[in-house]
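The values are calculated or read from the model by the stated rules, or taken from the named source; none is laboratory data. None of these values were measured; they are calculated from a predicted model. Cβ placement follows ideal geometry from the backbone for every residue including glycine, while neighbour counts extend to all protein chains displayed. SASA here: full protein model, heavy atoms, side chains in, ligands and nucleic acids out. Shrake-Rupley method; radii C 1.70, N 1.55, O 1.52, S 1.80 Å.
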There are 2 protein chains.
Amino acid sequence: MPAKTTESPVRLAAETWESLFRAQVAVMRKLQAAPAFKALALNEYDVLFTLSRCPSGWLRLNELNDNVLLSQSSLSRLVERLEKRGLVERTPAPEDGRGILIRLTDAGRDLQKQIGREHVRDIAALVGPALSAAEQQELLRLTEKLRAAVSVR
Amino acid sequence: MPAKTTESPVRLAAETWESLFRAQVAVMRKLQAAPAFKALALNEYDVLFTLSRCPSGWLRLNELNDNVLLSQSSLSRLVERLEKRGLVERTPAPEDGRGILIRLTDAGRDLQKQIGREHVRDIAALVGPALSAAEQQELLRLTEKLRAAVSVR
DNA sequence: CCGATTTAGATGCATTTGCATCTATCGACC
DNA sequence: GGTCGATAGATGCAAATGCATCTAAATCGG
């Protein structure tokens, strides 16, 4: 019998999460140190990135908030900063008088692409040597499954 | 030929990291919302937890800093806050006049245990239903491997 | 042994963050 | 249609954070 199967389910879940979290901290540390993030904090980049991936180009503030680990008020001000810097645009949502829509400006799109290129290289340089392609695919699958299960609502 | 193997290595690494990061955000959101973290921010709990796991009981500030995603100065002040609340103790390091050693007080240990119990339950409630035991073990293995590879310096 | 460099941690200060609250709109229900 | 609770986002304010810098101690090179 493999040793680990003697663990309790609760303990296994806790250790798994702890390990995932620490790996995230270790990788993020390195990524944040990249010169690209002198110009734009990682959270700010992340908002630009999320907008760039959105098919319609427009996202609601509260949709953005699902992706980023920030409170609603902090995100509201983050977007305000991005708008002041000319990287995003805000418009009142046409179908919902309470909401706003946000999208990249051309400048925002350019900056996202520029930082993104370097960011992707940094990621590959960290993750590539650490895990085989098959392991990466498995890690991708497991984290997608975890996210999906946790995000049900 | 499986579809995913047509991806470039760089793209695979980027997608893997993105997925890991989003999963972490989704889980962390839920965990942070737990009532236990009204009393103590998650970063603060994390420091208490790390100290509780340390065999000697004492840790240097810069050792703590490897575990937490905080700048050195922020961690310094976080520990200062914990000390003010009577949860940790600081002593000058005996072997290095520049350094300090930190350990839990009894109150700190008690609070860590109390929050920890609830925290572990919350983790299990989120992760347990999302992945089978075998999947959790594999996720644990992969994230440990990733962390180890990234942390070499 | 001495000066130069590096390392550990603290601190001043501006920025960012979160909590609580506020306003306005939406949706449900009668 | 009018009232009531829920939801989207903004804002005042106190607390936390990061950057740059500072001090002191360790380490290195001669």
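In the range B:56-73, the residues that are within 14 Å of A:Gln24 (Cα to Cα) form Cβ pairs under 7 Å with partners that are within 11 Å of DNA strand C (Cβ to nearest atom) and hydrophobic (A, V, I, L, M, F, W, C), at six or more places apart or across chains, as follows: B:Val68/B:Leu75; B:Leu70/B:Leu78.
All conditions in (1) touching an Asp or Glu at 6+ places or on another chain (Cβ under 8 Å); (2) open to solvent by less than 30 Å² (accessible area, probe 1.4 Å) hold for A:Phe37, with the sole exception of (1). Put simply, of A:Arg103, A:Arg85, A:Arg109 the only residue that is farther than 29 Å from A:Ala33 by Cβ and at pLDDT 95 or above is A:Arg103. Look through the range B:83-97, keep the residues that are among the acidic types (Asp, Glu) and more than 10 Å from DNA strand C (Cβ to nearest atom), and return whichever of them is surrounded by the most Cβ atoms within 10 Å (Cβ to Cβ). The extreme case among them is B:Glu89.
Flag: A:Val127 does not match the condition of being within 22 Å of A:Ala23 (Cβ to Cβ), aliphatic (A, V, I, L, M) and without any contact (Cβ under 8 Å) to a residue 12 or more places away in the chain. Only one of the numbered conditions (1) in contact with a Leu (Cβ under 9 Å, 6 or more places away or on another chain); (2) at pLDDT below 95; (3) more than 10 Å from DNA strand D (Cβ to nearest atom); (4) within 14 Å of chain B (Cβ to nearest Cβ) is not met by A:Leu20, and that is (2).
The set of residues in the range B:37-56 that are over 18 Å from B:Val68 (Cβ atoms) and part of a helix (DSSP H, G or I) contains only B:Lys38. Residues in the range A:76-90 that are near DNA strand D (Cβ under 8 Å from one of its atoms) and among the hydrophobic types (A, V, I, L, M, F, W, C): A:Val79 alone. The condition of being touching a helix residue (DSSP H, G or I) at 6+ places or on another chain (Cβ under 7 Å) and touching a residue at least 24 places away in the same chain (Cβ under 8 Å) does not hold for B:Val10.
Of all residues in the range B:57-82, those that are open to solvent by 30 Å² or more (accessible area, probe 1.4 Å), more than 9 Å from DNA strand C (Cβ to nearest atom) and in a helix (DSSP H, G or I) total 2. If you go through the range B:98-153 and keep only what is part of a loop (DSSP other than H, G, I, E, B) and either more than 7 Å from chain A (Cβ to nearest Cβ) or open to solvent by less than 40 Å² (accessible area, probe 1.4 Å) (or both), you end up with B:Arg98, B:Gly99, B:Thr105, B:Gly128, B:Ala130, B:Leu131, B:Ser132, B:Val152, B:Arg153. Every condition in (1) at positive phi; (2) in contact with a strand residue (DSSP E or B) (Cβ under 7 Å, 6 or more places away or on another chain) is met by B:Gly86 except one, and the failing one is (2). No other residue among B:Gln72, B:Gln32 is in contact with a helix residue (DSSP H, G or I) (Cβ under 7 Å, 6 or more places away or on another chain) and within 11 Å of DNA strand D (Cβ to nearest atom) apart from B:Gln72.
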